[in-house]
1. Once you have a ≥ b ≥ c as the square roots of the Cα gyration tensor eigenvalues for the stretch 1-156, tell me rounded if a/c is under 1.5, and otherwise prolate or oblate according to whether a/b is larger than b/c.
2. Which order do you get for His357, His188, His415 if you rank them by accessible area with a 1.4 Å probe, largest at the top?
3. What three numbers, in Å, describe the spread of the alpha carbons of the stretch 319-387 along their principal axes, ordered from the longest?
4. In square angstrom, what is the accessible area per residue of the stretch 242-367 with a 1.4 angstrom probe?
5. Among DSSP bridges having both ends in the chain, what percentage is antiparallel? Round to the nearest 5.
6. Using every Cα-Cα pair within the stretch 165-311, state what percent have a distance larger than 20 Å.
7. Taking GluC sites (Glu not before Pro) as candidate sites, keep only those in a DSSP loop with at most 10 other Cβ atoms within 10 Å, then name the longest stretch of the chain containing none of them.
8. Let me check I have the definition right: for the stretch 263-341, take the eigenvalues of the Cα gyration tensor, multiply each by 5, take square roots. What are those semi-axes in whole Å, largest first?
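The values are calculated or read from the model by the stated rules, or taken from the named source; none is laboratory data. For clarity, every value in this text was computed on a predicted model and none was experimentally measured. FYI the Cβ positions are ideal-geometry reconstructions off the backbone, even for glycines, and counts take in every protein chain you see. For accessibility, only protein heavy atoms count, side chains too; no ligands or nucleic acids. Shrake-Rupley method; radii C 1.70, N 1.55, O 1.52, S 1.80 Å.
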Amino acid sequence: MTNTLIVGAGSAGCVLANRLSADPARSVRVFEAGPTYRTLPSELLDPGHLPVGPESRVVWRYRGNLVRGKLIGGSGAINGSYFIRPPAADFAAWSAVAGPRWSFESVLPVFCDLEADEDFATAPGHGGPVPISRTREFTEFSAEFAQQCAAAGFTEIPDLNAPTAEFGFGPVPLAISRGRRAGPAITHLLPALDRPNLTVTGETMVTRLLLRGTRVLGVEWARGRERGRTYADRTVLCAGAIESAALLIRSGIGPEPLLRALGVPIVRPAPVGAWCTDHPEIGVEFPDDKPDEPAVPLEYVLEMGELELRPYTQKFTPGRRRIGVALMHPESSGELTLVSADPTVPAHIDQRYLRSHRDRARLRDGVALTADLLGRRIGPIDDPWLQANLGTSQHLSGTCRMGRASDPRAVVDEHGNVHGIDTLTVADLSIVPVPLRRGPQATTVMVAAHIADYMVM
Ligand SMILES: Cc1cc2nc3c(=O)[nH]c(=O)nc-3n(C[C@H](O)[C@H](O)[C@H](O)COP(=O)(O)OP(=O)(O)OC[C@H]3O[C@@H](n4cnc5c(N)ncnc54)[C@H](O)[C@@H]3O)c2cc1C
């Protein structure tokens, strides 16, 4: 019998597997739908390459141009390496719905224990397995952007992970070491693979939870043509904001009308997928024919509370100069549903970006500011213009929201345990109950570590 079964060896799953298997008395088994490697192929280590194009064999694809990593390390193995902690205000909102365990004071030590910052090693609160560094030689685009921000009066923040870093521009803290992407597989899972109490099995898609009443006994899985069942004392979903929610719904834990429409027997009505959030991004682009230089996608950012300005390096937008204007605290939220109980049919995500007047107004302000910074003119920034230039940041979260049992929007409690279901935990980005004012990778890793700490207590 496996003590703990983890579904998904992505950003959160890698951290959880490491922390739980550090106790030799506990057996830990991980199922990952994508391939696993002992050594990651070199093209996945190049932080200047995001393997998400049409030819990629290591991503899940969904409507709305959404992709997720499908391999050991999950989305953290293919992402832009940006690794920034959200500001204290986000945790004030989070702890208001989920309790003091998620206050800034509670999570700050967890963040601090995760990072080994190569640039601020002597500053308090930087000592852990995730190597953090910043670009030293900036591309011309990034350097110009920084000059434009300074000239416009914005404050430069050398360490965007400092607890007080809130408004201003600075070099992006990156999970990169010696020029190589340092995703969660590298920092957490691969170093633990030789432990006798840890088993990681790739190419294995968990299709459904096995339940007796409201108790989870384990999972059903598919590996090629093989089908099987694995039993565990506790099952932890780390399948990400889309697939963790999809798995719950396929197993009868979800909105009642949806379960009825899908013909899935109802185990427990729950608002799974009813709320999800992302960072909608407007691309402001101008032609530019300067030759590109090798670089990571993002070297600098400007943080403005509800907006983040992202001057992408030219390698990622050849022939154009692009600033992403991202709405970091949207009012509008989306919804995730299934159109079929068949696990091979992708979930449907209705992003519902910019439904709110306030969201559109914020983005208009951000686009106008970008034009000012660059000294360019942009035509009328009306609703059709916003829609035509709108895209996703790939930061979907919140489909299995955390909150108290009395909260009708909540799916899991403060420990990630699913309300009303025994021996089932969700520990990934799907449980975050508020929009985050920064990209989510650092938070995902923190969430997994924080939940693991509670599980081993
Ligand atoms: C292209 C891209 C770029 C990004 N860039 C950044 C960035 O630079 N900075 C930042 O902060 N954020 C970034 N993000 C977002 C960030 O990477 C993710 O939000 C974060 O990694 C999510 O972690 P997770 O553990 O919740 O899910 P994931 O890391 O996606 O892990 C889920 C894992 O579960 C597996 N899985 C799913 N379903 C099943 C199943 N049924 N059975 C078995 N296994 C399953 C998946 O294959 C995957 O390995 C980016 C995302 C993408 C897609």
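1. On the way: a/c = 1.77, a/b = 1.21, b/c = 1.46.
Here the stretch 1-156 falls in the oblate category.
2. His357, His415, His188
3. 52, 32, 21
4. Working: 4560 Å² over 126 residues.
In whole numbers, the stretch 242-367 has 36 Å² accessible per residue.
5. Of all bridge pairs located within the chain, approximately 70 percent are antiparallel.
6. Working: 7375 of 10731 pairs.
Counting pairs separated by more than 20 Å, the tail of P(r) holds 69 percent.
7. 138-457
8. 38, 16, 10
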